[in-house]
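Right, one structure below, let's go through it.
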Amino acid sequence: GLVLHSAAQNKNVKAVISFSPGDYFGEKLPSLKTVFPKITQPYLVTSSKEEADGLKELIGGVADQSNLQSQFIPESEGFHGSRALWIDQVGADEYWAAITAFLNKIAPS
């Protein structure tokens, strides 16, 4: 989630991939509900299927597909955090496919 705060404040951040972002910083940082509308850069946020609705609520409908801002929701139960990419993790292929597609869109070869 910290990378989303950084992107909202720093236009040198070109794009963001965030795994299971949430309001984990208590009163030290504002809610991501107020941060997502300020992000103009492309982003891909992921979560487990169980966390997806909560993340969708934080995004608040401000994701802009034309600006390559999206949420990946796995078909499987998925995973919390970047462990979704671990080697030999069953179901990791979904996440890798979404990340590869995102990277290819923002930096085509």
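For this structure, a couple of remarks:
- Some residue of the range 40-54 being under 15 Å from HIS5 (Cα atoms) and hydrophobic (A, V, I, L, M, F, W, C): yes
- Contact annotation: residue pairs with Cβ atoms under 6 Å, 6 or more positions apart or on different chains, pairing a residue in the range 20-42 that is in contact (Cβ under 8 Å) with a residue 60 or more places away in the chain with a partner that is surrounded by 13 or more Cβ atoms within 10 Å (Cβ to Cβ) and assigned to a helix (DSSP H, G or I), are SER20/GLY81; PRO42/ILE106.
- Residue count for the range 1-49, restricted to those that are outside any helix (DSSP H, G or I) and not β-branched (Val, Ile, Thr): 24.
- Taken over the range 9-53, the residue count meeting the criterion of being open to solvent by 20 Å² or more (accessible area, probe 1.4 Å) and within 21 Å of ILE99 (Cβ to Cβ) is 10.
- Within the range 66-109, tally of residues that are outside any loop (DSSP other than H, G, I, E, B), more than 22 Å from VAL13 (Cα to Cα) and open to solvent by 50 Å² or more (accessible area, probe 1.4 Å): 3
- Number of the exception - ALA63 against (1) closer than 24 Å to LYS105 by Cβ; (2) modelled with pLDDT under 95; (3) open to solvent by 50 Å² or more (accessible area, probe 1.4 Å); (4) not polar (S, T, N, Q): (3)
The values are calculated or read from the model by the stated rules, or taken from the named source; none is laboratory data. As the structure is a prediction and not an experimental result, all values here were calculated from the model. In this analysis, Cβ positions are derived from the backbone assuming ideal geometry, glycine residues included, and neighbour counts consider all displayed protein chains. With ligands, DNA and RNA removed, areas are computed over all heavy atoms of the protein, side chains included. Shrake-Rupley method; radii C 1.70, N 1.55, O 1.52, S 1.80 Å.
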